[in-house]
Each structure stands twice: as C-alpha cells, then as structure tokens.
Amino acid sequence: MHHSEIRNSSTVFTTLETGKGEPVLFLHGFPDNHKTFAPIIEVIGKKGFQCIAPVMRGYEPSTISHAHKLHVVDLVDDILGWMEDRLWDRVHLVGHNWGAVIAYAAGMYYPNRIKSITSLGVPLLRTYQDSFLWAPQQTIHSWYVLLFQIPFLAELTIRTNDFALVDFLWKDWSPGYTPNQDHLAEIKANFQNPGILSSALSYYRNLNDLFTESGRESILGILDSKITVPTQILYGLNDGCFHKNLFEHLLDETDFPCGFRKIGFDHAGHFLHWEKRDEVTKLILEWLQKNN
C-alpha cells in the first residue's frame, strides 16, 4: 500500500492505493478520513483489484472549495475527473456515510460508468421522506444535521473540548464499539487545519440548497432517480445515525432494477467496516467479483 495522487483537472487529491486490476474507488464520509478503508483495501488489492481511497474534496488544504462547489453533483464530477485522469472507462464504488451518498448519485447520473456500488451504513435517501412513518426515532438521530446548518456555531461546538463531538458521534453512531484512538486523533488533527472543518460541514449545508443550479440538480437527482447499477447495502442493526427501519422497510428492490442485495449486521452500528471488518471485506469482495 502506498500514497499516491489522483487529479480532477488541476486539483490534486491525495490517496491510499494498492493492487492491480479493475479499479475500485473507496469514498469516506464524516467525521472520518480515507485511512478508514486501509485494512480493507489491503485485502481486496491482493485479489485482482486496484483499490484507491482518495481524500474527499474539502478534506485537505489543496482541495478546499467554495461551499457552492460542494454539492453532490460536484462530488460526482470528481469521480469522473479521477476516471479521466487514470484513463478508466468504468469503476466500482464503495462508499461509507457521505461516500455512500455520492456513490448512489454516481450510479443515478452515470450508470454506464459505474460497474457496481457497495453502500456502507446509508440507505437510499430518496426514501428518507417516509422515515417519519417507519422510523420516527430518525428525527432524534438526525439532530446533528440541524446543528451543522449553523455557520460558526457548528464549528465552535465541534472544536470544543478537543473535538469531543467527534468522539461522541463515533460512540453514538456505533454503540458499544470503542473507536481506534489513533484514527480519531488523525481526524481531529485534520479538522484543525484552516477551512477543512467548514468544507466538510458544507456537505450537510448544501443538502437543501434550492438557490443554485447544482443544488437543485443534486436534490432532484437523489429524489427522482433509480439506480441502474448492481448495488449492495450493508448496515448495522444498532446504527445510531440511520435507524435500522430505514434499511428494513424503506429499501425497495424496484429502485435497483439491475441487482440488489442488503445485509444487516447484529451488534454493529454505523462504522460497521471497523466493527465487522472481516465480514464486510468478504462481502465487498464477493460483490466486486460477481459484478466484474
């Protein structure tokens, strides 16, 4: 495994990379970094796949963007730029948290460029409006989304007491799991860099942006489209970020006409790729091989 770079036009992104073969992009979420996938790509990279885990846009100084360049469609454009840079015609996508949202969107917008999707810990958000019926607890789970909408206050709250909210979110979203403290320390250290935390929070702040073309396109794409790419969704039954009913009752196979599999894990939460690493790695590999 080694550090490398991948480009979208003139913007350079840092990556972890290993293996040779069919390309697989691993997309991280919040609050996290690309190293969250290191043990998984180390295994899958030995099985005939080229695994690349980029630092997502806004999570390093060289890619900090204006907030209005951090809509879902802009992040999907990064994937297309990376593909052009490496001369890839098609790729597999594995995404956790925001990385899963971006993977879904890529499958909606450019199904001919995506070979398969594996989503970790996130349901298809086009069903989110029904969550009040099937999972009224989700309103409580989503308290942080409201906090993150408030500029300055959100940043101040997250930075308070040595980024204690980062620790809290990991523990709240994966109850009973003790996070790797070295990994959390790297996440917190990165958020201390000027502009990084606000860029990361812009992912949330752009969720309901109706005032820009890219914002409207992002919302309509998420709400109106089906995913015509083979998709598997892995989730923890104790997820404190997305209630299990969003996976159990709201995921409809008709939204995935080209192949669909969902698997829930007992005694696992939102960071299931840490809690159930071996099982998750095996399922990702199976899906990649099946749809290669």
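The values are calculated or read from the model by the stated rules, or taken from the named source; none is laboratory data. Given the structure is predicted, the values throughout are model-derived calculations rather than measurements. Virtual Cβ from ideal backbone geometry, glycine too; neighbours counted across all protein chains shown. Surface accessibility is based on the protein's heavy atoms, side chains included, excluding ligands, DNA and RNA. Shrake-Rupley method; radii C 1.70, N 1.55, O 1.52, S 1.80 Å.
I want to verify a result. In a Gaussian network model of the chain, Cα cutoff 10 Å, which of these has the top mean-square fluctuation: 112, 161, 190? Taking springs between Cα atoms under 10 Å, the residue moving most is 161.
Checking [x] -0.72; [y] -0.94; [z] -0.83 against the coordinates, the calculated log10 I(q)/I(0) by the Debye sum over Cα atoms at q = 0.12 Å⁻¹ falls under label [x]. Using a probe of 1.4 angstrom and keeping all protein chains present, the accessible surface of the range 2-291 works out to 42 square angstrom per residue. For the chain, the number of Lys pairs separated by eight or more positions or lying on different chains, with C-alpha atoms closer than 16 Å, is 15. Length gained on full extension, residue 3 to residue 84, computed as 0.36 nm times the residue gap minus the Cα-Cα distance: 27.2 nm.
Springs between Cα atoms under 10 Å define the GNM used for the chain, and in it the highest mean-square fluctuation of 36, 160, 63 occurs at 160. So the label point goes 7 Å from the Cα of residue 228 along Cα→C-beta, right? Which residues of the range 100-118 then have their backbone N under 13 Å from it? Taking a point 7 Å out along Cα→Cβ of residue 228, the residues of the range 100-118 whose backbone N falls under 13 Å are 107-114.
For the residues 26, 191, 168, a GNM of the chain with alpha-carbon springs under 10 Å puts the largest fluctuation on 168.
Summing charges over neighbours of residue 88, with a neighbour being any other residue whose Cβ is under 11 Å away from its Cβ, gives 0 when K and R count +1 and D and E count -1. Each residue, residue 178 and residue 161, gets one label point 7 Å from its Cα in the Cβ direction; the gap between the two is 2.0 nm. For residue 143 and residue 42, the difference between the fully extended length at 0.36 nm per residue and the C-alpha to C-alpha distance is 32.8 nm.
Using only side-chain charges placed at the Cβ, +1 for Lys and Arg and -1 for Asp and Glu, the dipole size of the chain relative to its Cα centre rounds to 400 debye.
Size descriptors for the range 144-287, from the alpha-carbon set: Rg then Dmax equal 17.4, 47 Å.
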